[in-house]
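K.L.:
One structure, as structure tokens, below. Some questions next.
The values are calculated or read from the model by the stated rules, or taken from the named source; none is laboratory data. On a predicted model such as this, the values are computed, not experimentally measured, just so you know. As a convention, Cβ positions derive from the backbone with ideal geometry for all residues, glycine included, and neighbour counts pool all protein chains shown.
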Amino acid sequence: MSATSAPGAVSTAPAKKPGDTRPSAPKKARDPKRVLVYVLLSVGLLVMSAPFLWMAVSAFKTQTELTASPPVWIPTEWTLENFRELLDKLDLPLYFMNSVIVAVLVTVSNLVFCSMLGYALAKLNFAGRNKIFGLVLGALMVPGNLMLLPLFVLMSKLHLIDSYAGLVLPFAAGAFGVFLMRQFMQSIPDELLEAARMDGAGEWYIFWRIVMPLVKPALATLSIFTFLGSWNNFVWPLIATNDPDKYTLPVALATFATDPNKAGGSNGMLMAGSLLVVLPVVVLFIALQRHFTQGIATAGMK
């Protein structure tokens, strides 16, 4: 007697509902198109990440392996000598702290000011609202390099050259941040805000206690974009600082790389410095990636 016909045997097949004449679903075959998409995406990821991986690995190579031909992909002897020499020849903690101060202040100010203006453009009715939003869209079309000279003249007139204020104020609020927050806040139901107003809540209370908690994905997205742009900003800190003590990390590293008396052609030290520049942004993205992807997916939806 077979196992299926044995008395008391329990069948593991899912029971059909009475009258259900549909055949059992066959095992899903692997879609060739999906496999091809995954292969192409994997190749693209490898191509995009190859320079970063090469930089990260080269920071731990000896000078001999860095100049070897053919190139050595994986170091046979991992070393921290490049980082030690970089710390000896470059005041890395000072420049790192300068970059942290500037990037954090720029990011926080953008989160506050862009959220305020985005809320006003999305949820408040006032004369000229559409014209102001048009100015924001127009500002997005202006190349950033075109504003360097007017900004430098303005900061010079205000005596803010060689100061943290001169590095932060020109980027305290960006048109992209205003656009992003405005588009995201439009998805908040107006009925929710009207109910709060009927309960006696003021606009400040509504903004800080109701709206801001609802736009955390957009805030995370704006944080990453703003921090990344400020951290990697090279041209403006180079123009706005003459005092080496106010250099940010990218400017200090570039100055170090072009100084033969310091860098001395050591590619290992430059790779180590570049890795230190990139790591904070990578850590920030990993920490906020869930909110970042959600913010990108829902921004502009209503």
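K.L.:
Here is a list of conditions, (1) outside any helix (DSSP H, G or I); (2) closer than 28 Å to Pro217 by Cα; (3) over 26 Å from the mean Cα position of the chain (by Cα); (4) aliphatic (A, V, I, L, M), and Leu192 meets all of them except one; can you say which number that is?
P.N.:
Looking at each condition in turn, Leu192 falls short on (1).
K.L.:
Here's another thing I want to ask about it. Scan the range 225-253 for residues that are more than 24 Å from Val153 (Cβ to Cβ) and either in contact with an Asp or Glu (Cβ under 6 Å, 6 or more places away or on another chain) or surrounded by fewer than 21 Cβ atoms within 10 Å (Cβ to Cβ) (or both) and jot them down.
P.N.:
Phe225, Leu228, Asn232
K.L.:
In this structure, does Thr255 turn out to be at pLDDT 85 or above, more than 25 Å from Pro75 (Cβ to Cβ) and β-branched (Val, Ile, Thr)?
P.N.:
On the way: at pLDDT 85 or above: no; more than 25 Å from Pro75 (Cβ to Cβ): yes; β-branched (Val, Ile, Thr): yes.
For Thr255, the condition - at pLDDT 85 or above, more than 25 Å from Pro75 (Cβ to Cβ) and β-branched (Val, Ile, Thr) - is not met.
K.L.:
Just need a number here: residues in the range 34-81 that are assigned to a helix (DSSP H, G or I) and under 30 Å from the mean Cα position of the chain (by Cα). Can you show your working first?
P.N.:
Taking the range 34-81 first, the residues assigned to a helix (DSSP H, G or I) are 34-58, 63-66, 81.
Restricting the remaining residues to those that are under 30 Å from the mean Cα position of the chain (by Cα) gives 34-58.
Residues in the range 34-81 being assigned to a helix (DSSP H, G or I) and under 30 Å from the mean Cα position of the chain (by Cα): 25 in total.
K.L.:
A further question on this structure: Going through the range 167-182 one residue at a time, which ones are under 17 Å from Phe207 (Cβ atoms) and not aliphatic (A, V, I, L, M)? Walk me through it before giving the result.
P.N.:
As a first pass, look at the range 167-182 and keep what is under 17 Å from Phe207 (Cβ atoms): 173, 177-178, 180-182.
Gly177, Arg182 - these are the residues of the range 167-182 that are under 17 Å from Phe207 (Cβ atoms) and not aliphatic (A, V, I, L, M).
K.L.:
Pick from Arg182, Arg129: which is surrounded by 14 or more Cβ atoms within 10 Å (Cβ to Cβ), of a type in the set (Lys, Arg) and assigned by TED's automatic domain parsing to the domain that holds Leu94? I'd like the intermediate steps shown before the answer.
P.N.:
Details: Arg129 fails: surrounded by 14 or more Cβ atoms within 10 Å (Cβ to Cβ).
Checking each option against the conditions leaves just Arg182.
K.L.:
So which of Ile101, Ile74 is under 29 Å from Asp259 (Cα atoms) and not assigned by TED's automatic domain parsing to the domain that holds Pro189? Break it down into steps so the answer makes sense when it comes.
P.N.:
Values: Ile101 fails: not assigned by TED's automatic domain parsing to the domain that holds Pro189.
Result of the check over Ile101, Ile74: Ile74.
K.L.:
Is at least one residue of the range 210-220 modelled with pLDDT of 85 or more and assigned to a loop (DSSP other than H, G, I, E, B)?
P.N.:
yes
K.L.:
Could you list all residues from the range 163-178 that are surrounded by 15 or more Cβ atoms within 10 Å (Cβ to Cβ) and in contact (Cβ under 8 Å) with a residue 60 or more places away in the chain?
P.N.:
Within the range 163-178, Ser163, Gly166, Leu167, Val168, Pro170, Phe171, Ala172, Ala173, Gly174, Gly177, Val178 meet the criteria.
K.L.:
Output the number of residues of the range 53-84 satisfying the condition of being of a type in the set (D, E, K, R), under 12 Å from Met269 (Cβ atoms) and buried (at least 17 other Cβ atoms within 10 Å of the Cβ). Before you say what the answer is, go through the steps one by one.
P.N.:
Initially, the range 53-84 is screened for residues of a type in the set (D, E, K, R), giving 61, 65, 77, 81, 84.
With under 12 Å from Met269 (Cβ atoms) added as a condition, the list becomes 61, 81, 84.
Subset that is buried (at least 17 other Cβ atoms within 10 Å of the Cβ): 61.
Within the range 53-84, residues that are of a type in the set (D, E, K, R), under 12 Å from Met269 (Cβ atoms) and buried (at least 17 other Cβ atoms within 10 Å of the Cβ) number 1.
K.L.:
Quick check, is Ser187 surrounded by 16 or more Cβ atoms within 10 Å (Cβ to Cβ) and in the same structural domain as Leu121 (by TED's automatic domain parsing)? Steps first, answer last, please.
P.N.:
Details: surrounded by 16 or more Cβ atoms within 10 Å (Cβ to Cβ): no; in the same structural domain as Leu121 (by TED's automatic domain parsing): yes.
Considered against the rule, which asks whether it is surrounded by 16 or more Cβ atoms within 10 Å (Cβ to Cβ) and in the same structural domain as Leu121 (by TED's automatic domain parsing), Ser187 comes out as no.
K.L.:
I'd like to know if the range 134-150 contains one or more residues that are loosely packed, with under 14 Cβ neighbours inside 10 Å and touching a residue at least 40 places away in the same chain (Cβ under 8 Å).
P.N.:
Checked the range 134-150: at least one residue is loosely packed, with under 14 Cβ neighbours inside 10 Å and touching a residue at least 40 places away in the same chain (Cβ under 8 Å).
K.L.:
Run Ala50 past the list (1) without any contact (Cβ under 8 Å) to a residue 12 or more places away in the chain; (2) in the same structural domain as Trp231 (by TED's automatic domain parsing) and report the number of the one that doesn't hold.
P.N.:
For Ala50, the exception is condition (2).
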